[in-house]
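Undergrad: Supplied in structure tokens, the structure appears directly below.
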Amino acid sequence: MPSPPEARVIGPGFHGRVTDVVRLVPPGSVVTYGDVGRLLGSAHIARQVGWALAACAPDVPWHRVVNARGELTSPSASEQRVRLAAEGVEFDDQGRVLLRRHRWQP
DNA sequence: GGCTTGACTAATG
DNA sequence: TCATTAGCCAAGC
């Protein structure tokens, strides 16, 4: 039977799973790569989450995904910060997102 | 079929 | 709080 169990969330459609979760993040909120990976079933795929977002569709709010420290580690961190600020997300003096305040919890 | 890279995380000092 | 180390997984060559 070619039907894989739900347990195996990671598969050939891994990229689609990542973008699907990121689309659930509401404006003004952010999530970490680890959170997205955890929703997919494994918190150890944080790197793959970033890799998947690198090739995500233009309608995916990739800018709402930051690392566990609230830092913007995307290739377009500058633009990412502008987008987040436009949604009401606040940053500290170190340029990190206030996860305590804007972290999205499903 | 195997090795390297990468938008990371958690643990330790 | 910061720096360093080890681990994990998927895609590309």
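The values are calculated or read from the model by the stated rules, or taken from the named source; none is laboratory data. Bear in mind that the values here come from a model prediction, so they are computed numbers and not experimental data. When we count neighbours, we look across all protein chains shown, and the Cβ atoms used for this are built from the backbone with ideal geometry, even at glycine.
Undergrad: Name every residue in the stretch A:49-66 that is more than 9 Å from DNA strand B (Cβ to nearest atom) and of a type in the set (A, V, I, L, M, F, W, C), in order of residue number.
TA: Across the stretch A:49-66, the qualifying residue is only A:Ala57.
Undergrad: While we're on this one: Any chance the stretch A:37-48 includes a residue that's crowded, with 21+ Cβ neighbours inside 10 Å, within 10 Å of the chain's Cα centre (by Cα) and within 6 Å of DNA strand B (Cβ to nearest atom)? Steps first, answer last, please.
TA: First pass over the stretch A:37-48, keeping only residues crowded, with 21+ Cβ neighbours inside 10 Å: A:37, A:45.
In the following step, the residues that additionally are within 10 Å of the chain's Cα centre (by Cα) were identified as A:37.
Imposing the further condition that a residue be within 6 Å of DNA strand B (Cβ to nearest atom) reduces the set to none.
The answer is no, given that none of the residues of the stretch A:37-48 is crowded, with 21+ Cβ neighbours inside 10 Å, within 10 Å of the chain's Cα centre (by Cα) and within 6 Å of DNA strand B (Cβ to nearest atom).
Undergrad: Considering only the stretch A:17-106, give the helices (runs of 4 or more DSSP H) lying wholly within it that have at least 1 residues that are of a type in the set (Asp, Glu) and touching a helix residue (DSSP H, G or I) at 6+ places or on another chain (Cβ under 8 Å). Spell out how you get there, then give the answer.
TA: Numbers: elements: A:33-40, A:46-53, A:77-86, A:99-102.
Counting at least 1 such residues, we get A:77-86.
This table checks each residue for (1) touching a Gly at 6+ places or on another chain (Cβ under 8 Å); (2) under 16 Å from A:Glu79 (Cα atoms).
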| residue | (1), (2) |
| --- | --- |
| A:Val25 | no, no |
| A:Val36 | no, no |
| A:Leu39 | no, no |
| A:Ser42 | no, no |
| A:Ala46 | yes, no |
| A:Ala55 | no, no |
| A:Asp59 | no, yes |
| A:His63 | no, yes |
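Undergrad: For the stretch A:66-77, check the following and say yes or no: at least one residue is within 10 Å of the chain's Cα centre (by Cα) and either closer than 19 Å to A:Pro106 by Cβ or at pLDDT 95 or above (or both). Let's see the steps before the verdict.
TA: Going through the stretch A:66-77, the residues within 10 Å of the chain's Cα centre (by Cα) turn out to be A:66-67.
In the following step, the residues that additionally are either closer than 19 Å to A:Pro106 by Cβ or at pLDDT 95 or above (or both) were identified as A:66-67.
Scanning the stretch A:66-77, I find at least one residue that is within 10 Å of the chain's Cα centre (by Cα) and either closer than 19 Å to A:Pro106 by Cβ or at pLDDT 95 or above (or both), so the answer is yes.
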